[in-house]
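Visitor: So that we are looking at the same thing, I have put the structure below in structure tokens.
The values are calculated or read from the model by the stated rules, or taken from the named source; none is laboratory data. All of these numbers come straight from a predicted model, not from anything done at the bench. Backbone-built Cβ (ideal geometry, glycine too); neighbour counts: all protein chains shown.
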Amino acid sequence: MSEGLTIPIGPQHPSLKEPVSFLITLDGEVVKKAVIELGYNHRGLEKACESRTYIQDLYIIERVCGICSHAHSYAYCRCVEELAGLQTPRRAEYIRGIVGELERLHSHLLWLGVAGHEIGFDTLFMYTWRDRERVLDLLAEIGGNRVNYGINTIGGVRRDLDENICQHILDVMDGLEEQIKYYAELANTEATLIARLAGIGILTRDDVIKYGAVGPVARAAGIMDDVRIVEPYGVFTEIKVNGVTDDHADVYGRTVVRIKEMLESIRLIRLMVKEMPDGPISVRAPRRIPTGEIIIRVEAPRGEDVHYLRSNGTDKPDRVRVRAPSEANWHGMKHMLEGFHFADVPIIIAAIDPCYSCTDRAIMLRSDKGDTVTDWESLRRTGIERYKKMGIDPSKIRMRTSGV
Amino acid sequence: MKAEETILRLKEAFPDIGDDLKSPSPLRVFTPFLEPKRFEEVLIYAKDKLNYYRGLHIVGTDEGENLGFTYLVSNADGVILAIREIVPKSNPHIRSMSDIYPAMLMHERELVDLFGAEIEGLPEGPSYPLPDGWPKGQYPMRKEWNPKYFNKMTMTYEPPEEKATDTATAANDNKDNAAKTAADEKSTAGGGASK
């Protein structure tokens, strides 16, 4: 009898956009054993933080992850603020809440697209990533950048939201809600999607507890671990979150949870914009932080983000420790893969939404000829003209959504 | 189980550490640094008797001559219990807790690579997170390790003078930094909070 065929996937592989290595041993088409090797992206950020000041570290911490940069910088700021005894203004907490939920929207839309792509449903990928662009444009309008928005600072936020931006946020939410309801309907009715996602990558309730899985992976197995509910912080002490759980415990369950969470995020954003109080947006922070240690958690799009910070009375931290949600979800991955078909490996891996730092790109394109800046509309026009030359006229195709 | 009850139960079971338990906020409990055997007893008690069923992660810290390992576990009420052990840098030998909390496995591998912990009972598997070819005996998260002297091209750690001066150099660096900080402070008091 053979020992089974061992296939290496990664660290460079077309279906995994970030470096991670899997050694998959197969028995026929079924995964018998999976060995996961991580660490290709280790950048030594925690060490780097120890030799820089608290405010410099903020910019390092924000770059832990391109997608949930706000969650990391928020957790870090809360650590420093609590150690320094700072009371952040309520308006700042509302702005942090709005940006956090926008981040959740863009992260979940990105995930839904990646999931579609992994199962060969590229139409879904194109739809969701188009919608995600609208959220990224909003974030760029708020913070000046599509990712790493730099909204947080120690003691509050760096930029205020004026009436125009608030109105724009509400307008975009209207369009997005329509789209996301459509995705929810799709997840409920589209037979191919359900057949491809249901029953694979199962991680039961007991296994979630055993392997310490967090976020949508845990909630899809019926465990409510949303930090916004378990340990409300900031704006969520005033605005209650309706938690989303599911009992499928598989990739389909994770999809349903994420789609429902997007609808909840839209509700929260509307509420926060409406209830946002007037007032200052930050308080003055000291350079030197009193000696102490603290553990803070924040609900990132992928789950619970835990930060530990120890200060020593100087302007530099003694120890910064970041436990990103993806790090917690890797432990259960081996278990999720074993016993399922090889063809399902990419979508099972994608279903925990591992941290693919693939987000940063230019918001506008400069033409080769000079200073002309190309916006979205002219880019679309250029595309249509190009296809017309090829004998295809896509100009009659209407965008599905309105109100954006 | 809330933080107060956790402290009461731990005090009952381990009277010798009872006075050093701290609860800086309603959902946090910190034990003092314990020697490895005592640490293991407390950790198993927390899992079996106090129902701290979720392993969150491990924070390694440099404690001068020693290394500190803080295991974070939590329960259904969202309380995080930080159970800590301390071992000398000269003999950083501990037992793996990944059989009790499987979610700690990767974090323990991290302690091996970054702090040089020797962990008995750690299952076989790829190391994490340092790359293949990382020089033996170099533990970057220890305070005396200075990234300035690491050559990324040759993967060698070369402090400027023979032996000895890692810590001395680090101390000098700190002096320089302190002077720089003082100068910075004069010019930009107030940090990043501008509005």
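Visitor: I need the full set of residues from the stretch B:1-37 which are without any contact (Cβ under 8 Å) to a residue 40 or more places away in the chain and in a helix (DSSP H, G or I), in order please.
Guide: First pass over the stretch B:1-37, keeping only residues without any contact (Cβ under 8 Å) to a residue 40 or more places away in the chain: B:4-5, B:7-8, B:11-26, B:37.
Listed by number, the residues that qualify are B:GLU4, B:GLU5, B:ILE7, B:LEU8, B:LYS11, B:GLU12, B:ALA13, B:GLY18, B:ASP19, B:ASP20, B:LYS37.
Visitor: For the stretch A:300-357: of the residues being within 11 Å of A:ILE200 (Cα to Cα) and not in a helix (DSSP H, G or I), which is nearest to the other protein chains (Cβ to nearest Cβ)?
Guide: A:GLU338
Visitor: Mind checking which residues of the stretch B:65-87 are in contact with a His (Cβ under 7 Å, 6 or more places away or on another chain) and in contact (Cβ under 8 Å) with a residue 24 or more places away in the chain? Spell out how you get there, then give the answer.
Guide: Within the stretch B:65-87, the first condition is being in contact with a His (Cβ under 7 Å, 6 or more places away or on another chain), and the residues that meet it are B:72, B:87.
Within the stretch B:65-87, just B:VAL87 meets the criteria.
Visitor: When you look at A:ILE259, is it within 10 Å of another protein chain (Cβ to nearest Cβ), in a helix (DSSP H, G or I) and at pLDDT 95 or above, yes or no? Outline the logic, then answer.
Guide: On the way: within 10 Å of another protein chain (Cβ to nearest Cβ): no; in a helix (DSSP H, G or I): yes; at pLDDT 95 or above: yes.
No.
Visitor: Look through the stretch A:3-38, keep the residues that are over 27 Å from A:GLY113 (Cβ atoms) and out of contact with any strand residue (DSSP E or B) (no Cβ under 7 Å at 6 or more places or on another chain), and return whichever of them is farthest from the other protein chains (Cβ to nearest Cβ).
Guide: A:GLY28
Visitor: Collect the residues in the stretch B:147-157 that are surrounded by 12 or more Cβ atoms within 10 Å (Cβ to Cβ) and in contact with a strand residue (DSSP E or B) (Cβ under 9 Å, 6 or more places away or on another chain), keeping them in residue-number order.
Guide: If the condition is that a residue be surrounded by 12 or more Cβ atoms within 10 Å (Cβ to Cβ) and in contact with a strand residue (DSSP E or B) (Cβ under 9 Å, 6 or more places away or on another chain), then B:TYR149, B:PHE150, B:TYR157 are the ones that fit.
Visitor: Of everything in the stretch B:134-161, what is modelled with pLDDT under 90 and either aliphatic (A, V, I, L, M) or at positive phi (or both)? Give them in sequence order.
Guide: Across the stretch B:134-161, the qualifying residues are B:MET153, B:MET155.
Visitor: Please find, among B:LYS2, B:LYS37, the residue that is basic (Lys, Arg) and within 14 Å of another protein chain (Cβ to nearest Cβ).
Guide: Numbers: B:LYS37 fails: within 14 Å of another protein chain (Cβ to nearest Cβ).
Sole residue among the options that is basic (Lys, Arg) and within 14 Å of another protein chain (Cβ to nearest Cβ): B:LYS2.
Visitor: Just for the stretch B:114-137: of the residues that are surrounded by 17 or more Cβ atoms within 10 Å (Cβ to Cβ) and more than 10 Å from chain A (Cβ to nearest Cβ), which one is nearest to A:GLY44 (Cα to Cα)?
Guide: Filtering first and then ranking leaves B:PHE115.
Visitor: Taking the stretch B:40-52 only, how many residues are among the charged types (D, E, K, R), more than 14 Å from chain A (Cβ to nearest Cβ) and either within 26 Å of A:GLU82 (Cβ to Cβ) or surrounded by 16 or more Cβ atoms within 10 Å (Cβ to Cβ) (or both)?
Guide: Residues meeting the conditions: 1.
Visitor: Further, regarding this structure: Keeping to the stretch B:10-22, report how many residues are of a type in the set (Lys, Arg) and either under 16 Å from B:VAL73 (Cα atoms) or loosely packed, with under 13 Cβ neighbours inside 10 Å (or both). Spell out how you get there, then give the answer.
Guide: Taking the stretch B:10-22 as the starting set, the residues that turn out to be of a type in the set (Lys, Arg) are B:11, B:22.
The next check asks that each one be either under 16 Å from B:VAL73 (Cα atoms) or loosely packed, with under 13 Cβ neighbours inside 10 Å (or both); those that pass are B:22.
Of the residues in that region, 1 qualify.
Visitor: Do the conditions hold for A:ARG158, that is, is it under 18 Å from the mean Cα position of the chain (by Cα) and either within 14 Å of chain B (Cβ to nearest Cβ) or touching a residue at least 60 places away in the same chain (Cβ under 8 Å) (or both)?
Guide: Details: under 18 Å from the mean Cα position of the chain (by Cα): no; either within 14 Å of chain B (Cβ to nearest Cβ) or touching a residue at least 60 places away in the same chain (Cβ under 8 Å) (or both): yes.
No; evaluated as a whole, the condition is false for this residue.
Visitor: Which ones in the stretch A:262-299 are in a helix (DSSP H, G or I) and of a type in the set (Asp, Glu)?
Guide: Looking only at the stretch A:262-299, we keep the residues that are in a helix (DSSP H, G or I), and these are A:262-275.
Matches in the stretch A:262-299: A:GLU264, A:GLU275.
Visitor: Given the residues B:LEU34, B:LEU72, B:LEU67, B:LEU81, which is the only one that is surrounded by 20 or more Cβ atoms within 10 Å (Cβ to Cβ) and touching a Pro at 6+ places or on another chain (Cβ under 6 Å)?
Guide: Among B:LEU34, B:LEU72, B:LEU67, B:LEU81, only B:LEU67 is surrounded by 20 or more Cβ atoms within 10 Å (Cβ to Cβ) and touching a Pro at 6+ places or on another chain (Cβ under 6 Å).
Visitor: Here are some residues: B:SER98, B:SER90. Which one is of a type in the set (Ser, Thr, Tyr) and either within 11 Å of chain A (Cβ to nearest Cβ) or buried (at least 19 other Cβ atoms within 10 Å of the Cβ) (or both)?
Guide: Working: B:SER90 fails: either within 11 Å of chain A (Cβ to nearest Cβ) or buried (at least 19 other Cβ atoms within 10 Å of the Cβ) (or both).
From the options B:SER98, B:SER90, the qualifying one is B:SER98.
Visitor: Which residues, counting only those in the stretch A:59-90, are touching a Phe, Trp or Tyr at 6+ places or on another chain (Cβ under 7 Å) and farther than 23 Å from A:LEU105 by Cα?
Guide: The one that is touching a Phe, Trp or Tyr at 6+ places or on another chain (Cβ under 7 Å) and farther than 23 Å from A:LEU105 by Cα: A:VAL80.
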